[in-house]
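Chemist: Before I ask anything, let me first share the structure, which is written out below as structure tokens.
The values are calculated or read from the model by the stated rules, or taken from the named source; none is laboratory data. Model, not experiment: these values are computed from the prediction. Heads up, the Cβs are rebuilt from the backbone with ideal geometry, glycines too, and the neighbour counts pull from every protein chain shown.
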Amino acid sequence: MNMKLVFAFACSAFLVACKAQVPPTAPATTAPQALKPVAPPASPKNIILLIGDGMGTSQIYAGMIGNNNFLELERFKQLGFIKTYSFDNIITDSGAGATAFSIGQKTYNNAIGVAGDTLAHETVLETAAKSGRATGVVATCAVTHATPASFVAHVPHREMHEDIAWEYVHSPLQLFIGGGRKYFEQRKDGRDLMAELRMRGFYTATTEAALLEVPQQARLAALLWDDAPAKKNEGRNDILPRATQLAIDRLNTNEKGFFLMVEGSQIDWGGHANETDYIVQEMIDFDQAIGKALDFAEKNGETLVIVTADHETGGFALAGGDFKTGKVKGAFTSTKHTAVMVPVFAYGPGAEMFTGIQENIDIYKHIMNLWNLQPSRKPVRWEAIKRAN
Ligand code: MG
Ligand code: ZN
């Protein structure tokens, strides 16, 4: 008998045994009881949820340094943190991260709108739409990408872009603005989902000029790029803040209020690429969109604005910088996501619910509670969602 082999086998058996004893990511202990609020929070008419993908505190401060020591984010007075771990990993991906916000369940990495058992749960956007609220999605990536997709679609894996596109066609959305047109028109099944969108009552727009022509009350599907738009520091214009303003103006015509999700999608990509300037410019761009939401909420008085992130990306640290030149000296510990808590900012009726340290799934719970909503559909097998047409 080869003793080396026996030793190697024993070692691997030991490792397997060790692995089996690692506790699951989700801690078994119950969360500490939060202090009861002294008065029930007021219910907002509208909710705008802005997600900075990969936006940790270093990304935010890098944006401040790059923007003459100011971000719109500094207007918020109510702040908290969320724990971002997913069902199966202390480090979440954007699928599980956004699904935590959209269905209120910790799920496995790569999941889109489905829980850990792949059952499709009604998303907060879908429930809001069923209650008569107008709903919208704006992103600086393909609309089929993990973050926006998690509010609209239900598939077991984030790479199922064509299935996700199909769910956009059948969604209750009043509007969506982003990229990913190729998943609607260059499909393996040969279908023309742009035409199918129009059949379902959407006006489609593939350019910014066309987008501005769409009548105010009409449903709007703006697919402005084949996939993702360019980086902000490589020529993308200020479409994100402008699309945010346009979405607010359009959704605000609905008497029963609205739910809008806006994503600063590429802060994360700057982190993955370990490119400090990419992060800084995406952060400032996202912050401009936040400013539009805050300006509206201040005037409107019945709008809750929530800004948060799904996770941090890059293990980004600030090794230096100069407010005068706007130069930031970044350092990275990773090209991936990290496990740190990320901040939450809230303004408007119910904002106090988002302070302190909470779980990412609490964002969903607070929105549903503030609007006194329950999902109208029980969880179903993901395949059962509208596969037939
Ligand atoms: Mg994203
Ligand atoms: Zn990422």
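Chemist: Of the conditions (1) farther than 30 Å from Gly257 by Cβ; (2) in contact (Cβ under 8 Å) with a residue 12 or more places away in the chain; (3) more than 18 Å from the chain's Cα centre (by Cα), Lys324 fails just one. Which one is it?
Modeler: Result: Lys324 passes all but (2).
Chemist: Taking only pairs six or more apart or across chains, which ones have beta-carbon atoms under 6 Å, a first residue in segment 337-350 that is over 21 Å from Ala297 (Cβ atoms), and a second residue that is assigned to a strand (DSSP E or B) and within 13 Å of ligand 2 (Cβ to nearest atom)?
Modeler: His337/Thr313; Thr338/Glu312; Val340/Glu312; Val342/Glu312
Chemist: Of all the residues that make up segment 329-345, how many are hydrophobic (A, V, I, L, M, F, W, C), surrounded by fewer than 23 Cβ atoms within 10 Å (Cβ to Cβ) and away from ligand 2 (no atom under 16 Å from the Cβ)?
Modeler: Final tally of qualifying residues: 2.
Chemist: Which ones in segment 318-330 are in contact with a helix residue (DSSP H, G or I) (Cβ under 6 Å, 6 or more places away or on another chain) and part of a strand (DSSP E or B)?
Modeler: If the condition is that a residue be in contact with a helix residue (DSSP H, G or I) (Cβ under 6 Å, 6 or more places away or on another chain) and part of a strand (DSSP E or B), then Leu318, Gly321, Val328, Gly330 are the ones that fit.
Chemist: Which numbered condition trips up Thr99, out of (1) more than 20 Å from Gly178 (Cα to Cα); (2) within 16 Å of ligand 2 (Cβ to nearest atom); (3) not basic (Lys, Arg); (4) not in a loop (DSSP other than H, G, I, E, B)?
Modeler: The single condition Thr99 does not satisfy is (1).
Chemist: Among the residues of segment 83-105, write down those that are surrounded by fewer than 24 Cβ atoms within 10 Å (Cβ to Cβ) and away from ligand 1 (no atom under 13 Å from the Cβ).
Modeler: Lys83, Tyr85, Phe87, Asp88, Asn89, Ile90, Ile91, Gly104, Gln105
Chemist: Considering only residues that are within 16 Å of ligand 1 (Cβ to nearest atom) and assigned to a loop (DSSP other than H, G, I, E, B), look in segment 131-151 and name the one that is surrounded by the fewest Cβ atoms within 10 Å (Cβ to Cβ).
Modeler: By that ranking, first place goes to His145.
Chemist: For segment 295-307, check the following and say yes or no: at least one residue is in contact with an Asp or Glu (Cβ under 8 Å, 6 or more places away or on another chain), within 16 Å of ligand 1 (Cβ to nearest atom), of a type outside the set (Asp, Glu) and under 30 Å from Ala331 (Cβ atoms).
Modeler: No; the residues of segment 295-307 include none that is in contact with an Asp or Glu (Cβ under 8 Å, 6 or more places away or on another chain), within 16 Å of ligand 1 (Cβ to nearest atom), of a type outside the set (Asp, Glu) and under 30 Å from Ala331 (Cβ atoms).
Chemist: With respect to the numbered conditions (1) assigned to a strand (DSSP E or B); (2) at pLDDT below 95; (3) not β-branched (Val, Ile, Thr), which one is the sole condition not fulfilled by Gln216?
Modeler: Of the numbered conditions (1) assigned to a strand (DSSP E or B); (2) at pLDDT below 95; (3) not β-branched (Val, Ile, Thr), the odd one out for Gln216 is (1).
Chemist: I need the full set of residues from segment 268-292 which are within 13 Å of ligand 2 (Cβ to nearest atom) and under 13 Å from Pro241 (Cβ atoms), in order please.
Modeler: Glu282
Chemist: Residues of segment 242-283 being more than 16 Å from ligand 1 (Cβ to nearest atom), surrounded by fewer than 20 Cβ atoms within 10 Å (Cβ to Cβ) and assigned to a helix (DSSP H, G or I), which ones?
Modeler: Residues satisfying the conditions are Arg242, Gln245, Asp249, Asp277.
Chemist: Ok, one more. Please specify each residue of segment 350-384 satisfying the condition of being crowded, with 20+ Cβ neighbours inside 10 Å and not in a helix (DSSP H, G or I).
Modeler: Gly350, Gln358, Asn360, Trp371
Chemist: Something else now. Within the set of pairs 6 or more residues apart or between chains, which connect a residue that is among the polar types (S, T, N, Q) inside segment 158-182 to a residue that is crowded, with 24+ Cβ neighbours inside 10 Å with Cβ atoms less than 7 Å apart?
Modeler: Sorted first by the residue in segment 158-182, then by its partner, the pairs are Ser171/Val152; Gln174/Ala134; Gln174/Thr135; Gln174/Gly136.
Chemist: Please identify the pairs in which a residue from segment 128-139 that is closer than 22 Å to Gly52 by Cα has its Cβ atom under 6 Å from the Cβ atom of a residue that is hydroxyl-bearing (Ser, Thr, Tyr) and within 16 Å of ligand 2 (Cβ to nearest atom), counting only partners at least 6 apart or on another chain.
Modeler: Ala139/Ser265
Chemist: I've got another one for you. Can you tell me how many residues in segment 152-166 are farther than 16 Å from Ile103 by Cα and assigned to a helix (DSSP H, G or I)?
Modeler: Qualifying residue count for the region: 6.
Chemist: Also: Could you tell me whether Thr206 is over 18 Å from Val169 (Cα atoms) and away from ligand 1 (no atom under 16 Å from the Cβ)?
Modeler: No: the conditions fail for Thr206.
Chemist: A follow-up question, please. Give the number of residues within segment 75-96 that are more than 16 Å from ligand 2 (Cβ to nearest atom) and touching a helix residue (DSSP H, G or I) at 6+ places or on another chain (Cβ under 6 Å).
Modeler: Within segment 75-96, the subset more than 16 Å from ligand 2 (Cβ to nearest atom) is 75-83, 87-88.
Then keep just the ones that are touching a helix residue (DSSP H, G or I) at 6+ places or on another chain (Cβ under 6 Å); that gives 75, 78, 80.
Qualifying residue count for the region: 3.
Chemist: Please enumerate the residues belonging to segment 106-128 that are assigned to a helix (DSSP H, G or I) and either surrounded by fewer than 21 Cβ atoms within 10 Å (Cβ to Cβ) or within 16 Å of ligand 1 (Cβ to nearest atom) (or both).
Modeler: Leu125
Chemist: Would you mind stating whether Arg236 is within 30 Å of Thr333 (Cβ to Cβ) and in contact with a strand residue (DSSP E or B) (Cβ under 9 Å, 6 or more places away or on another chain)? Before you say what the answer is, go through the steps one by one.
Modeler: Working: within 30 Å of Thr333 (Cβ to Cβ): yes; in contact with a strand residue (DSSP E or B) (Cβ under 9 Å, 6 or more places away or on another chain): yes.
Yes, satisfied.
Chemist: May I pose another question? Among what's in segment 293-317 and is in a strand (DSSP E or B) and not hydroxyl-bearing (Ser, Thr, Tyr), pick the residue that is farthest from ligand 2 (Cβ to nearest atom).
Modeler: Here the answer is Leu304.
Chemist: Continuing with the same structure: Take the residues of segment 331-349 that are assigned to a strand (DSSP E or B) and aromatic (Phe, Trp, Tyr): which is farthest from ligand 1 (Cβ to nearest atom)?
Modeler: Kept after step one, since they are assigned to a strand (DSSP E or B), are these residues of segment 331-349: 331, 337-338, 342-347.
Still in the running and aromatic (Phe, Trp, Tyr): 345, 347.
Numbers: Phe345: 18, Tyr347: 23 Å.
Checked segment 331-349; the qualifying residue farthest from ligand 1 (Cβ to nearest atom) is Tyr347.
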